[in-house]
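Everything below concerns the one structure shown next.
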Amino acid sequence: MTNKYKINVNGIDQNVEADENTPLLYILRNHLKLKGTKFGCGDGICGACTVIMDGLPIFSCDTPIWAAADKEIETIEGLSKNGVHPLQEELINEQAGQCGYCLSGITMRVKGLIDKDPSKTVNDIANELDRNLCRCGSQTRILKAVENYLGKLS
Amino acid sequence: MNMFPNSFDSAPKIENWFSFRENGTVRMVSGKVEIGQGINTAFMQIAAEELDINPERIELSAGDTRDCLDGGCTSGSQSMQTEGVSLRKAASAARMLMLEKAAELLQSDINNIEIKDGEFFLNGSSTKLSYWSLAKDVKLDKSVEKYMKPKTKEQKRLMGKSLKRIDLHDKILGKHKFIHDLEFDQMLHARVIRPPSASSRLISIDKEKINSLPNIKKLIVDGSFVAVVSKNEEDAVQLVNKVNKQCHWTQVKTAITDPIEYIRNTDAPMTLSLEKGNIETAEGTNISTEASRNFLCHASIGPCCSIAHWGDKKLSVYTHSQAPFPMKRTLSAIFKKPEDDIDVQHYHGSGCYGHNGADDVVLDAVLIAKELIGHHVRVVWSREDELSSSPLAPGMVTKIDAKIGSKGEINSFDVLVKSPPHVKRPAGKNGEYLLAAEHISSPITPPNPIDTPLNKGGAADRNSVPLYDIPNIRVRKQVVYDLPWRTSAMRGLGAFVNVYAIETLMDDIALSQGKDPLEFRLSNLKDERVIAVLEQVGEISNWGSNNPDTYKGIAFSRYKNIGAYCALVAEIKVDEEIELINSWAVIDAGEIVNPDGIKNQIEGGIIQATSCTLIEEVNFDQEIILAKDWETYPILKFNQIPKIYVDIIDRPEEPFLGVGEAAHGPTAAAISNALMSALNIRIKELPITRDRIISSVNG
Ligand code: FES
Ligand code: FES
């Protein structure tokens with residue numbers, strides 16, 4: 001059933017009209033034209049679609065719009081709203097990526113996890129990234145960047 | 001027109017490659033496309049070096065058939081070896097031509113003029129002349145070969161520098177526009193409903209029921225090609241299952257229960273790939289191996305995607321294909337449309353590791369767009385399609401019989417490779433090998449492709465010839481054409497299994513003589529460059545000393561026997577499963593353009609190869625491919641990643657060598673050799689799963 005929803009994305013209130021079961025991913029990409037969040041599987045297993053909702057990393061592909069209504073969403077576009085985010089700076093320094101398709105989801109999960117608990121270690125993060133896949137094999141560089149970021153926080 | 005830019009036969013002039021603009025930029029045209037490997041950055045670095053400019057001044061165009069060079073297909077780790085060299089020559093020619101003009105205007109000798117970031121300096125002082133001020137007056141319609149004069153080793157200042165990837169900044173910020181992110185006015189979204197297995201076909205479809213479904217814009221049925229179109233992406237996705245419920249497909253049974261066993265027992269004709277010395281007369285004790293690997297998926301994180309627009313006259317296609325120009329010729333052949341009326345534009349896709357479904361999804365999009373003239377139609381494959389509709393990397397079996405003489409010398413290697421085809425690239429052909437081409441009402445039947453001969457790099461038999469000093473070598477292959485699944489090129493092709501077979505056998509021979517695997521290899525080698533990478537990897541990995549509970553294995557290959565050299569040591573721990581802890585690699589890729597770019601490729605290669613070695617395999621139920629999601633086809637996860645150390649030997653006087661596929665075979669073999677040293681078992685069938693280890697220990 002089509003309904004009206006209000007969501008706050010990267011600090012801006014947005015009104016959208018969509019079927020209640022429309023995945024948040026398509027709301028972001030197609031209704032709001034925020035293309036930084038990617039489709040990978042639609043099953044909640046690859047993490048390409050990861051965004052932060054009310055402070056927690058979630059899979060936007062299996063989060064229907066009704067469940068996101070009135071929530072605060074942060075996407076990769078929000079991260080660099082005020083210049084390059086320090087985590088992204090570390091990723092750039094490490095040249096952490098090949099095709100780069102997986103990066104937005106991974107970045108958002110790492111950001112969400114560390115914001116919530118800055119005492120996490122790089123091993124904790126590696127374990128919690130088990131549903132964020134990278135086929136090109138950029139994991140060593142990504143983890144190095146995470147380690148550098150954690151080092152600067154402490 | 002089919003151009004081969006590396007030969008300058010069809011792109012002979014400087015202007016075919018470069019043009020200077022008054023605003024201080026240079027347009028550079030490349031035939032090779034970015035597929036996640038960082039090739040654009042390497043190319044810009046080469047050109048900036050020869051032109052003596054800041055690389056940021058270069059605007060690179062690649063893979064647009066409207067105004068770029070036809071570089072054929074970007075594959076086989078060849079871009080640096082072919083187009084990298086051509087670009088260097090073309091850039092040097094542009095520089096010389098401009099210098100000549102500047103010298104004439106300044107009435108000076110060329111040797112007194114220096115170029116700094118595109119500006120000309122005479123005896124150290126500024127002249128106000130630059131590439132940009134001369135842009136209008138100097139015609140670049142001169143022959144590259146006449147003017148080219150690449151820099152000498154001493155003159156270079158950018159080579160060997162780790163410039164940052166030009167595309168990565170925006171990709172990290174989420175701002176890069178991938179093919180998936182293109183938007184057009186009134187764009188429609190389509191999804192294809194596939195037959196459940198390779199040879200099953202549509203029996204009937206309830207069009208009436210389907211057309212009454214909500215949100216449907218159009219149903220397209222052409223033979224067994226079924227597609228559904230909607231205004232919204234989410235609706236198109238929703239419709240797939242509903243449409244599929246109204247389709248009845250033939251069910252195909254096959255007698256093949258174990259595809260690898262089937263390949264092993266094939267009676268396909270045997271052809272000779274290479275013969276050196278005389279295998280028949282070689283004597284000694286026999287040591288042999290029979291290595292195999294199951295079928296694999298490309299498994300890109302972002303599924304294949306294409307957008308097509310069939311206008312009044314023009315057909316425009318947006319693709320992440322490795323082969324935009326050949327694709328244009330293929331579309332022209334299929335739709336009987338003049339090539340001039342077809343534009344193909346390349347956009348970056350998710351990582352590409354070989355011939356995946358990128359070309360197939362183009363045909364999907366065009367078949368649908370043809371029925372919706374004037375609309376942009378976007379097709380994105382589902383996760384299931386990405387895994388099970390893309391061509392698979394074929395399963396393979398490689399058998400080697402070696403004869404060892406009384407002094408431990410290797411007298412012969414007799415190699416037999418059995419494999420389904422590795423090269424079914426459709427682009428440039430008449431439509432054969434494209435997925436939907438087999439489903440439409442007048443299907444284009446795929447002929448059996450020729451397996452690339454060894455002197456062109458080989459396919460099934462790629463890297464089947466050991467580089468060790470062995471007097472008698474024979475390589476034969478059997479190409480298995482009678483399996484139902486589409487198979488084609490994935491990173492390394494046959495090299496993965498062939499290197500695995502050779503390098504695990506080398507260890508078995510060494511151990512049978514009580515020799516150290518590294519020492520044994522070195523004593524059977526003459527090539528200095530091979531010896532150098534092996535010795536260095538021994539050093540950096542502290543070969544010979546093990547930590548308690550960890551075990552090391554070593555392996556080597558030179559990709560295609562003509563590409564980059566890679567020696568690798570793997571260190572593992574074995575508990576319930578194998579855990580790869582450390583991996584050291586030493587690479588010799590000739591002259592190094594961008595060390596970090598090479599490291600990035602090698603690290604990625606090691607991680608992907610580890611995944612293929614320990615986890616990945618496609619399972620089948622009859623003809624049906626069971627790899628449908630990340631649970632039925634898992635890959636390596638963040639917490640299973642080893643520490644990786646890569647050293648590069650720079651050889652500035654040697655030609656560039658491609659590295660993209662260099663680490664695959666050595667990674668698999670080094671892990672297996674480490675397992676041998678840990679548990680004294682040899683797993684011959686890849687992947688090396690827990691079950692295989694247990695049954696090997698027990699058996
Ligand atoms: S697209 Fe959401 S987890 Fe894969
Ligand atoms: S960089 Fe390509 S999937 Fe991660």
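Rundown of residues vs (1) at positive phi; (2) within 14 Å of another protein chain (Cβ to nearest Cβ); (3) open to solvent by 50 Å² or more (accessible area, probe 1.4 Å), yes/no style:
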site	(1), (2), (3)
B:Asn211	no, no, yes
B:Lys217	no, no, yes
B:Lys231	no, yes, yes
B:Leu239	no, yes, no
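Looking across A:Gly100, A:Gly40, A:Gly47, one residue alone is free of Cβ contacts under 8 Å to residues at least 12 places away in the same chain, assigned to a loop (DSSP other than H, G, I, E, B), open to solvent by less than 10 Å² (accessible area, probe 1.4 Å) and within 16 Å of ligand 2 (Cβ to nearest atom). It is A:Gly100.
Would you call B:Ser30 more than 16 Å from B:Gln322 (Cα to Cα) and either of a type in the set (Ser, Thr, Tyr) or not assigned by TED's automatic domain parsing to the domain that holds B:Ile166 (or both)? Taking the combined requirement at face value, the residue does not satisfy it.
Residue-wise test of (1) surrounded by fewer than 18 Cβ atoms within 10 Å (Cβ to Cβ); (2) closer than 30 Å to B:Gly349 by Cβ; (3) more than 16 Å from ligand 1 (Cβ to nearest atom); (4) not assigned by TED's automatic domain parsing to the domain that holds A:Ala96.
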site	(1), (2), (3), (4)
A:Lys120	yes, no, yes, no
A:Asn132	no, yes, no, no
A:Ser138	no, yes, yes, no
A:Arg141	no, yes, yes, no
A:Val146	no, yes, yes, no
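Checking region B:47-62 against the condition returns no match, with no residue being open to solvent by less than 30 Å² (accessible area, probe 1.4 Å), within 22 Å of B:Lys149 (Cα to Cα), polar (S, T, N, Q) and touching a helix residue (DSSP H, G or I) at 6+ places or on another chain (Cβ under 8 Å).
Going through B:Thr41, B:Thr82, B:Thr65 one at a time, which residue ends up being within 14 Å of another protein chain (Cβ to nearest Cβ) and away from ligand 1 (no atom under 16 Å from the Cβ)? Before the answer, list the steps.
Numbers: B:Thr82 fails: within 14 Å of another protein chain (Cβ to nearest Cβ); B:Thr65 fails: within 14 Å of another protein chain (Cβ to nearest Cβ).
B:Thr41 is the lone residue from the list that is within 14 Å of another protein chain (Cβ to nearest Cβ) and away from ligand 1 (no atom under 16 Å from the Cβ).
If a residue counts only when it is under 16 Å from B:Ile39 (Cβ atoms), which helices (runs of 4 or more DSSP H) contained entirely in region B:60-167 have at least 2 such residues? By residue number, B:85-106. Count of region B:448-481 residues, restricted to those that are over 30 Å from B:Val530 (Cα atoms), at pLDDT 95 or above and part of a loop (DSSP other than H, G, I, E, B), is 2. Please verify whether region A:42-64 includes one or more residues that are touching a His at 6+ places or on another chain (Cβ under 9 Å) and outside the structural domain of A:Leu133 (by TED's automatic domain parsing). Within region A:42-64, none of the residues are touching a His at 6+ places or on another chain (Cβ under 9 Å) and outside the structural domain of A:Leu133 (by TED's automatic domain parsing). Restricting B:Asp340, B:Asp359 to residues that are away from ligand 2 (no atom under 16 Å from the Cβ) and without any contact (Cβ under 8 Å) to a residue 24 or more places away in the chain narrows the list to B:Asp340. Put simply, of B:Ala609, B:Ala627 the only residue that is of a type outside the set (D, E, K, R), under 28 Å from B:Thr487 (Cβ atoms) and touching a Phe, Trp or Tyr at 6+ places or on another chain (Cβ under 6 Å) is B:Ala627. Pairs linking a residue in region B:298-313 that is within 12 Å of chain A (Cβ to nearest Cβ) to a residue that is among the polar types (S, T, N, Q) and surrounded by fewer than 24 Cβ atoms within 10 Å (Cβ to Cβ), with Cβ atoms under 8 Å and 6 or more positions apart or on different chains, are B:Pro303/B:Ser382. The residues of region A:50-74 that are closer than 25 Å to A:Ser154 by Cα and either in contact (Cβ under 8 Å) with a residue 40 or more places away in the chain or within 16 Å of ligand 2 (Cβ to nearest atom) (or both), listed by number, are A:Val51, A:Ile52, A:Gly55, A:Leu56, A:Pro57, A:Glu74. Here the condition is being surrounded by fewer than 23 Cβ atoms within 10 Å (Cβ to Cβ), more than 24 Å from B:Pro303 (Cβ to Cβ) and touching a strand residue (DSSP E or B) at 6+ places or on another chain (Cβ under 8 Å); of A:Gly83, A:Gly78, it holds for A:Gly78 alone.
Conditions tested, residue by residue: (1) in contact with a His (Cβ under 6 Å, 6 or more places away or on another chain); (2) open to solvent by less than 40 Å² (accessible area, probe 1.4 Å).
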| site | (1), (2) |
| --- | --- |
| B:Tyr468 | no, yes |
| B:Leu493 | yes, yes |
| B:Asp508 | no, yes |
| B:Leu511 | no, no |
| B:Arg529 | no, yes |
| B:Glu535 | no, no |
| B:Asn542 | no, no |
| B:Gly563 | no, yes |
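Restricting attention to region B:623-650, the residues being more than 9 Å from chain A (Cβ to nearest Cβ), surrounded by 16 or more Cβ atoms within 10 Å (Cβ to Cβ) and over 25 Å from B:Ala570 (Cα atoms) number 5. May I ask you to list the residues in region B:604-622 that are open to solvent by less than 20 Å² (accessible area, probe 1.4 Å) and either of a type in the set (Lys, Arg) or part of a helix (DSSP H, G or I) (or both)? The answer is B:Gly604, B:Gly605, B:Ile606, B:Ile607, B:Gln608, B:Ala609, B:Thr610, B:Ser611, B:Cys612, B:Thr613.
The helices (runs of 4 or more DSSP H) located wholly in region B:193-280 that include 3 or more residues which are within 26 Å of B:Lys418 (Cα to Cα) occupy B:259-264. Exactly one condition in (1) touching a strand residue (DSSP E or B) at 6+ places or on another chain (Cβ under 9 Å); (2) assigned to a loop (DSSP other than H, G, I, E, B); (3) not small (Gly, Ala, Ser) is false for B:Glu22; which is it? Here B:Glu22 clears every test but (1). Among the conditions (1) touching a Ser or Thr at 6+ places or on another chain (Cβ under 8 Å); (2) touching a residue at least 24 places away in the same chain (Cβ under 8 Å); (3) crowded, with 19+ Cβ neighbours inside 10 Å, B:Val252 misses just one, which is (3).
For region A:126-136, indicate whether the set of residues that are at the interface with chain B (Cβ under 9 Å from one of its Cβ atoms) and among the acidic types (Asp, Glu) is non-empty.
Start the filter on region A:126-136 by keeping residues that are at the interface with chain B (Cβ under 9 Å from one of its Cβ atoms), which leaves A:126-136.
Subsequent filtering for residues that are among the acidic types (Asp, Glu) retains A:128, A:130.
Yes, that holds for at least one residue.
Of the residues B:Asp385, B:Asp401, the single one that is within 16 Å of ligand 1 (Cβ to nearest atom) and closer than 30 Å to B:Tyr262 by Cα is B:Asp385. Scanning region A:105-154 for residues that are near ligand 2 (Cβ under 10 Å from one of its atoms), among the polar types (S, T, N, Q) and assigned to a helix (DSSP H, G or I) yields one hit, A:Gln139.
If only residues of region A:54-69 that are closer than 18 Å to A:Met1 by Cα and more than 16 Å from ligand 1 (Cβ to nearest atom) are counted, the one that is most open to solvent (accessible area, probe 1.4 Å) is A:Trp66. When B:Tyr353, B:Tyr347 are checked against the criterion of being within 14 Å of chain A (Cβ to nearest Cβ), open to solvent by 10 Å² or more (accessible area, probe 1.4 Å), in contact with a Leu (Cβ under 9 Å, 6 or more places away or on another chain) and not polar (S, T, N, Q), B:Tyr347 stands alone in meeting it.
For region B:168-181, the set of residues classified as open to solvent by 10 Å² or more (accessible area, probe 1.4 Å) and either assigned to a loop (DSSP other than H, G, I, E, B) or more than 7 Å from chain A (Cβ to nearest Cβ) (or both) consists of B:Asp170, B:Gly174, B:Lys175, B:His176, B:Lys177, listed by residue number.
The values are calculated or read from the model by the stated rules, or taken from the named source; none is laboratory data. Values in this document were obtained by computation on a predicted structure and should not be read as measured data. Note that each Cβ is placed from the backbone with ideal geometry, even for glycine, and that neighbours are counted across all protein chains shown. Areas reflect the complete protein model, heavy atoms only, side chains present, ligands, DNA and RNA absent. Shrake-Rupley method; radii C 1.70, N 1.55, O 1.52, S 1.80 Å.
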